[in-house]
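One structure is given below, encoded as structure tokens.
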Amino acid sequence: MTALFDRLVQASLEGSLLIAGVWLACRLAPALPASFRVVLWWLAALKLLVGLAGIDPIPLPILPPSVTPL
């Protein structure tokens, strides 16, 4: 039960920061086309849903640096 609560709190905080960023971007740039604003708001809503769904990011292995022969 605490894992669900932790996920809810984390998704809410991250989502609220993203929503505040979208609001600020729309407020500071009133010349943005309405279609672009709609896409930003839909992405913010999608962030909230993905955060609650609990989809873990895909782990990507870090490759070692390549060594070039001299």
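Before moving on, here are some points about what is shown:
- Counting only alpha carbon atoms, the long axis of helix 2-28 and the longest principal axis of the chain meet at about 70°.
- Relative contact order for the chain: 45 percent, from Cα pairs under 8 Å spaced at least 6 residues apart, divided by residue count.
- Sequence of Ser16, Ser66 when ordered by accessible area, the most exposed leading, probe 1.4 angstrom: Ser66, Ser16
- All other residues whose Cβ lies under 14 angstrom from that of Gly15 are scored, Lys and Arg at +1 and Asp and Glu at -1, for a net of +1.
- Förster radius 25 Å - calculated FRET efficiency between Leu49 and Ala20 (Cβ-Cβ, nearest 0.05): 0.90
The values are calculated or read from the model by the stated rules, or taken from the named source; none is laboratory data. Everything quoted here is computed from the prediction, not taken from an experiment. Reconstructed Cβ throughout: ideal geometry from the backbone, glycine too, with neighbour counts over all protein chains shown. SASA here: full protein model, heavy atoms, side chains in, ligands and nucleic acids out. Shrake-Rupley method; radii C 1.70, N 1.55, O 1.52, S 1.80 Å.
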